[in-house]
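Data block below; observations after.
The values are calculated or read from the model by the stated rules, or taken from the named source; none is laboratory data. Nothing here was measured: the structure is a model prediction, and the numbers come from that model. Methodologically, a virtual Cβ is constructed for each residue, glycine included, from the backbone with ideal geometry; neighbour enumeration extends over all protein chains shown. Calculation scope for accessible area: heavy atoms of the full protein, side chains included, ligands and nucleic acids excluded. Shrake-Rupley method; radii C 1.70, N 1.55, O 1.52, S 1.80 Å.
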Amino acid sequence: MEVSNQNQTLSDWRRIVSRYEKADWLHGTWQMVNTMVPLGLLVYLMYRSLDVSIWLTLLLGIPAAGLYVRAFSLFHDLAHASLFPSRRVNNIVGALLGVVMLTAFHQWQRRHALHHATVGNLDKRGHGYLWTMTVREYLEAPLIVRIAYRLFRHPLVLFGIAPLLKILIVERFVTEKDRASRLSVHFTNLALAVIVAVAWKTVGLQAFALVLGPILWLSGAAGLWLLYVQHTFEGTYWERDHEWKYEVATLYGSSFYQLPSILQWFVASINYHHIHHLAARVPNYMLQACHEENPLFQTVRPVSVQGSLALLRLVLWDEEQQRLVDWKALRSVSSRVAS
């Protein structure tokens, strides 16, 4: 994992990726069209299917949720100003798409920028990460905190309850202090209030909830899973601030999730997360080429779909061994920490 073994400096990496940091109108526009048009069509079909069978509605909700995940990945690219060549257009489209995503664009953009700036830094956790404690922190925490952490890390909570709480409740509040973030939250909430009012007077709130609910829950669970695999894997990178190195953290603290082509399409290639964190201005439609054409990026060990399932057991960071550990390892680790 040592960067020196690659005989590459940070400037070399920037030089390599600079060839791929070129957004273009055609790709960006087509991605918006081939995502939002079928998503809108599926939402309409889900509504119409309510008169046929709720099971048909739920079945249609599966591909709709997949497209919703893809839409959020495009929203993510807009936040990095990498989908279109114009920053202004990225911001305008991002603010509008944020209403569909139930997420205030500028506030999310600010939080996500902090995530990129602090990835793998143990002293600057809290930005765009799932709650991760070190072994020592867990052992020294009050009982109520340990219980809360275990509950949060349970798959039913992490992928069942947390996604809906975040998108329906947490995203409704202003968490950043800058003016752009505040305005974006107020704009998004106002737009959503108008949408709900229109739905109430037209299709009815029950139909609205039966269509939107499955999409939000399935896409939220998939999105949280993707975030989990992106930074929780064997060999990931965490360091204290005085030892933390940006270039190592970006490349080796983010995974390359090797997905089948169809799943890669639905996540808009964000599974090449190791490259994305090193060069966030590389558009999603250039990530695969950047990986395949440069041996440097292939030094990152891929995470397979089957292998990713085993990552659920990784819950704590062991600073002494520099690796993630499971609950079973806690007893042996705690005796070592205590001594």
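Hey, what's the Kirkwood Rh for segment 72-134 if you take every pair of different alpha carbons, in angstrom? Working shown, then result.
Details: mean 1/r = 0.0808 Å⁻¹.
Evaluated on segment 72-134, it is 12.4 Å.
Roll a 1.4 Å probe over the protein chains and send me the accessible area per residue for segment 26-106 in Å².
Result: 44 Å² of accessible area for each residue.
Tell me the Kirkwood radius of segment 9-150: reciprocal of the mean inverse pair distance over distinct alpha-carbon atoms, in Å.
On the way: mean 1/r = 0.0544 Å⁻¹.
After inverting the mean inverse Cα-Cα distance, the result is 18.4 Å.
Mind checking the full-extension length gain between Lys245 and Arg281? Use 0.36 nm per residue of separation minus the Cα-Cα distance, one decimal, nm.
11.0 nm
Could you tell me the calculated FRET efficiency between Asp178 and Leu96, based on Cβ-Cβ distance and R0 = 22 angstrom, to the nearest 0.05? Intermediate results must be reported in sequence, preceding the final value.
Values: r = 20 Å, r/R0 = 0.92.
The calculated FRET efficiency here is 0.65.
Say R0 is 25 Å: what FRET efficiency, to the nearest 0.05, do Glu140 and Ala310 get from their beta-carbon distance?
Computed FRET efficiency for Glu140 and Ala310: 0.35.
Residues in segment 208-229 near a label at Ile195, defined as backbone nitrogen under 19 Å from the 7 Å Cα→Cβ point?
Correct set: 208-224.
How big is Rg to Rh over segment 205-339, alpha-carbon atoms, Rh as the Kirkwood inverse-mean-distance radius?
Rounded to two decimals, Rg over Rh is 1.06.
At R0 = 25 Å, how high is the FRET efficiency between Arg331 and Val157 if r is their beta carbon distance? Nearest 0.05 is fine.
The computed FRET efficiency comes out at 0.60.
At 1.4 Å probe radius, can you tell me the per residue accessible area of segment 185-306 in Å²?
Here the per-residue accessible area is 44 Å².
Once all Cα-Cα distances of segment 87-221 are split into 5 Å bins that start at 0, what whole-number percent is in each one?
Pair shares across the bins are 2, 9, 14, 18, 18, 16, 11, 7, 4, 2, 0.
What whole-number volume per residue, in cubic angstrom, does the convex hull of the C-alpha atoms of segment 153-276 give?
Spelled out: Cα convex hull of segment 153-276, divided by residues, is 160 Å³.
May I ask you to order 203-209, 77-83, 114-120 by the average number of other C-beta atoms within 10 Å around their residues, highest value first?
In descending order of packing, they fall as 77-83, 114-120, 203-209.
Could you check which residue among Ile270, Ile144, Ile16 shows the biggest mean-square fluctuation in a GNM of the chain with a 10 Å Cα cutoff?
In the Gaussian network model the winner is Ile144.
Please report the carbon-and-sulfur percent of the accessible area for the chain; probe 1.4 Å, protein heavy atoms only, DNA, RNA and ligands left out.
Roughly 64 percent of what the probe reaches on the chain is carbon or sulfur.
Checking understanding here: applying a Kyte-Doolittle mean of at least -0.5 and a length along the axis of at least 24 Å (C-alpha), which whole DSSP H helices in the chain pass?
What comes out of the filter, once short or polar helices are dropped, is 25-49, 54-79, 179-201, 205-231.
When N is the residue count of the chain, what does its C-alpha Rg come to as a fraction of 2.2 N^0.38 Å?
Against the compact-globule rule of thumb, the ratio is 1.03.
Give the residue list of trypsin sites (Lys or Arg not before Pro) in segment 113-175 that are DSSP loop and have at most 14 other beta-carbon atoms within 10 angstrom.
Here no trypsin sites (Lys or Arg not before Pro) fit, given the DSSP loop and packing criteria.
With a 10 Å cut-off between alpha carbons and a GNM built on the chain, which of Val69, Val99, Val305 moves the most?
For the chain, modelled as a Gaussian network with Cα springs under 10 Å, the answer is Val305.
Note the direction-averaged projected area, equal to a quarter of the hull surface, for the Cα convex hull of segment 33-100, in nm².
4.5
Write out the GluC sites (Glu not before Pro) in segment 177-264 meeting two conditions: DSSP loop, and at most 13 other Cβ atoms within 10 Å of their Cβ. Numbers along the way, then the final one.
Working: sites: Glu234, Glu239, Glu243, Glu247; in loops: Glu234, Glu243.
Here the GluC sites (Glu not before Pro) that fit, given the DSSP loop and packing criteria, are Glu234, Glu243.
Taking the alpha-carbon distance from Lys245 and a cut-off under 17 Å, which lysines remain once sequence neighbours fewer than 8 residues away in the same chain are dropped?
Lys124
At 7 Å along Cα-to-Cβ for each site, give me the label-to-label distance between Ala148 and Val52 in nm.
Distance between label points: 4.6 nm.
Please turn the phi angles of segment 121-138 into ³J(HN,Hα) values with the Karplus equation 6.51 cos²θ - 1.76 cosθ + 1.60 (θ = phi - 60°), one per residue in order, whole Hz, x for glycine and proline.
Working through the residues one at a time gives 9, 5, 8, 10, 6, x, 10, x, 10, 6, 4, 10, 9, 7, 4, 4, 4, 5 Hz.
Out of the trypsin sites (Lys or Arg not before Pro) in segment 234-285, which ones are loop residues according to DSSP with at most 10 other C-beta atoms within 10 Å?
Within segment 234-285, no trypsin sites (Lys or Arg not before Pro) qualify (loop, at most 10 other Cβ atoms within 10 Å).
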